[in-house]
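Everything on this sheet refers to the single structure shown next.
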Amino acid sequence: MTSPKKLFIKTYGCQMNVYDSERMSEALGGQGYVETKTAEDADMILLNTCHIREKAAEKVYSELGRMRPLKEANPDLKIGVAGCVAQAEGGEIMRRQPLVDLVVGPQSYHRLPEMEAKLQQGQKALDTEFPEEDKFERLKARPKAKRGPTAFLTVQEGCDKFCAFCVVPYTRGAEVSRPATRILEEARDLVERGVREITLLGQNVNAYHGTGPDGSEYTLAKLIWDLDKVDGLERIRFTTSHPNDMTDALIEAHGTCAKLMPYLHLPVQSGSDHILKRMNRSHTAESYLRVIERIRAARPDIVMSGDFIVGFPEETEADFQATLDLVEEVKYGYAYSFKYSTRPGTPASERAQVDPAEADDRLRRLQALITRQQREIQDAMVGRTVNVLFEKPGRFEGQMVGKSEYLHAVHVPDSGCVAGDIRPVRIVSTGTNSLGGEMLG
Ligand code: SAH
Ligand code: SF4
Ligand code: F3S
């Protein structure tokens, strides 16, 4: 028996990459790898990358540059690039950075073991195809290790929406939904290993249309109701949704399914109908607001979250003002805002760009408004009782931190709780990014 080889994975980008990194680690586990927390002692380094904005993609090359000394110190070290940059740039990565041994796109992770074997023979390996086979089925074998109380579970991948700014339809491919039976099996397995909260993932998660256990076409709402029956699973979340795919049944579930948490991430991108049209978003500001109205009718205390892009080509000050107006109306508990970044191959990349200084200024103004709203919603939690799923010890002796149903981080001194407990907590203080609470009773 040789001693296990060490694998270091660095994950960028969205939650789906976090999930995929876990799957890759398990797949390479079968090849004798164990994960290490430091690149310095690794036999293989995998960068799981993101291509969404230019900065994200460029980070990969600077990180690879920093790895040169490691490769010089250990010529047997294998360096791989996975994720959306791998998909978008393929073999170009090896040309630009010859120290890369392996490039693997998100749809080919189940082929990692074969690719790794090739590396061991001194060859390079590249796979960025969209194969017919179901990668999730082939990635299934996993050790039954204990887990923390929260987990991600990919149910849908890819996107057919083609927003004019976005690379995801090209890097993740066409929308594919996993069969419900497999998702339910995976959920039960996670619960057996200690998970209490599952976040269902998909680039367009609410467009989920997998095969149901009875062979019929399933929706996300149906899947959620099946998960609701899984004993030991206490909380369900899902992300990311598109406004056009918020069906009546899904909205209703927010009012009637006790395990479905009162938090919804529903990106809108802009409040201007002209810009929404140019973005190919296929919804208007008004139709988005009406969806939120219906969600709030079903679940009045729901906390809303969203994504925004400022400085999209042709965006005028009036268009931007419409975004501010929309934010004022919604009142977000969280929101993520980005300056438009030109992505190669996307329709918007060929249009007249907004002056970068103007875009920076808009981003600042939008973020100031969002921060104020976030604070208001956090401050309004003081005095309320929330249920906290405790996840880990805090920074101070005896302190535990967890998440409320609204996804606020809550820390509690001397809670007497362990990770995985869900307990009522009274909120007594609010900080920049978290709330302070005390145990009830
Ligand atoms: N599938 C999700 C998320 C896609 S990426 C969705 O449909 O909402 C996450 C966010 O990144 C997007 O919501 C958008 O706000 C932002 N984003 C995507 N492409 C971008 C670009 N070219 N420039 C700036 N932000 C971008
Ligand atoms: Fe990108 Fe639009 Fe698809 Fe979201 S819906 S992944 S923003 S193309
Ligand atoms: Fe980035 Fe790919 Fe996710 S581009 S946001 S890692 S789907």
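Just so you know, all these numbers are worked out from the coordinates, no wet-lab data involved. Values in this document were obtained by computation on a predicted structure and should not be read as measured data. Reconstructed Cβ throughout: ideal geometry from the backbone, glycine too, with neighbour counts over all protein chains shown.
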Seminar exercise, completed: For Thr239, Thr181, ascending order of other Cβ atoms within 10 Å (fewest first) is Thr181, Thr239
For this session: For the range 5-127, list log₁₀ I(q)/I(0) at each q in 0.17, 0.21 Å⁻¹, using the Debye formula over Cα point scatterers of equal strength and ignoring solvent, two decimals each.
Result: -0.78, -1.27
For this session: Would you mind ranking Arg95, Arg362, Arg351, Arg395 so that the residue whose beta carbon has the fewest other beta carbons within 10 Å leads the list?
Result: Arg395, Arg95, Arg351, Arg362
Problem set entry | Relative pair counts by distance (%), Cα atoms of the range 205-332, 5 Å bins | 2, 10, 20, 20, 17, 12, 9, 6, 3, 1, 0
For this session: Using only C-alpha positions, report the orientation-averaged shadow area of the convex hull of the range 135-379, nm², one decimal.
Result: 14.0 nm²
Exercise. How high is the relative contact order of the range 135-379, in percent, counting Cα pairs under 8 Å that sit 6 or more residues apart?
Worked result: 16 percent
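Tell me, what is the FRET efficiency for Asn244 and Glu72 to the nearest 0.05, using R0 = 51 angstrom and their Cβ-Cβ distance as r? The partial results should precede the final answer.
Working: r = 52 Å, r/R0 = 1.01.
Here the calculated transfer efficiency is 0.50.
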For this session: Round to the nearest 0.05 the FRET efficiency obtained for Thr211 and Ser429 when R0 = 60 Å and r is the Cβ-Cβ distance.
Result: 0.80
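Too long at a 20 Å Cα-Cα cut-off: which of Lys55/Lys331; Lys5/Lys37; Lys59/Lys403; Lys222/Lys259; Lys10/Lys37?
Working: Lys55/Lys331 29 Å; Lys5/Lys37 13 Å; Lys59/Lys403 30 Å; Lys222/Lys259 14 Å; Lys10/Lys37 9 Å.
Among Lys55/Lys331; Lys5/Lys37; Lys59/Lys403; Lys222/Lys259; Lys10/Lys37, the Cα-Cα distance tops 20 Å for Lys55/Lys331; Lys59/Lys403.
Could you pull out every whole DSSP H run in the chain that spans at least 15 Å of Cα extent along its own axis and averages -1.0 or higher on the Kyte-Doolittle scale? Can you show the working numbers first?
Details: long enough: 15-29 (21 Å, -0.78); 54-66 (19 Å, -1.05); 180-192 (18 Å, -0.29); 285-298 (20 Å, -0.01); 317-330 (20 Å, 0.05); 356-379 (34 Å, -1.27).
Qualifying helices, which must be both long enough and hydrophobic enough, are 15-29, 180-192, 285-298, 317-330.
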Problem set entry | Label-point separation in nm, Glu192 to Thr342, each point 7 Å along Cα→Cβ | 5.3 nm
Exercise. What is the order of Leu363, Leu264, Leu324, fewest Cβ neighbours within 10 Å to most?
Worked result: Leu324, Leu363, Leu264
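Any idea what diffusion coefficient the range 385-439 gets from Stokes-Einstein, in µm²/s, Kirkwood Rh on alpha carbon pairs, 37 °C, 0.692 mPa s? Walk me through the numbers before you get to the answer.
Details: Rh = 10.5 Å.
In µm²/s, the coefficient rounds to 313.
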Exercise. Under a straight-distance cross-link criterion of Cα-Cα below 21 Å, which lysines are reachable from Lys161, leaving out those fewer than 8 residues away in the same chain?
Worked result: Lys277, Lys339
For this session: Taking 7 Å along the Cα-to-C-beta vector as the label spot, tell me the Lys331-Lys118 distance in nanometres, rounded to one decimal.
Result: 5.6 nm
Exercise. With no solvent and one point on each alpha carbon, what is the Debye value of log10 I(q)/I(0) for the chain at q = 0.06, 0.09, 0.10, 0.12 Å⁻¹?
Worked result: -0.27, -0.63, -0.79, -1.15
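Considering only the chain, what is the antiparallel percent among its DSSP beta bridges, to the nearest 5? Intermediate results must be reported in sequence, preceding the final value.
On the way: 21 of 64 bridges.
The antiparallel proportion sits near 35 percent.
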Exercise. Rounded to the nearest 500 deg cm²/dmol, what is the calculated helix-only ellipticity per residue at 222 nm for the chain, with -39500 (n - 2.57) per DSSP H run of length n ≥ 4?
Worked result: -10000 deg cm²/dmol
Problem set entry | For the range 332-441, alpha-carbon Rg over 2.2 N^0.38 Å | 1.48
Seminar exercise, completed: Length gained if Thr385 through Ala298 is fully extended, taking 0.36 nm per residue and subtracting the Cα-Cα distance, is 29.3 nm
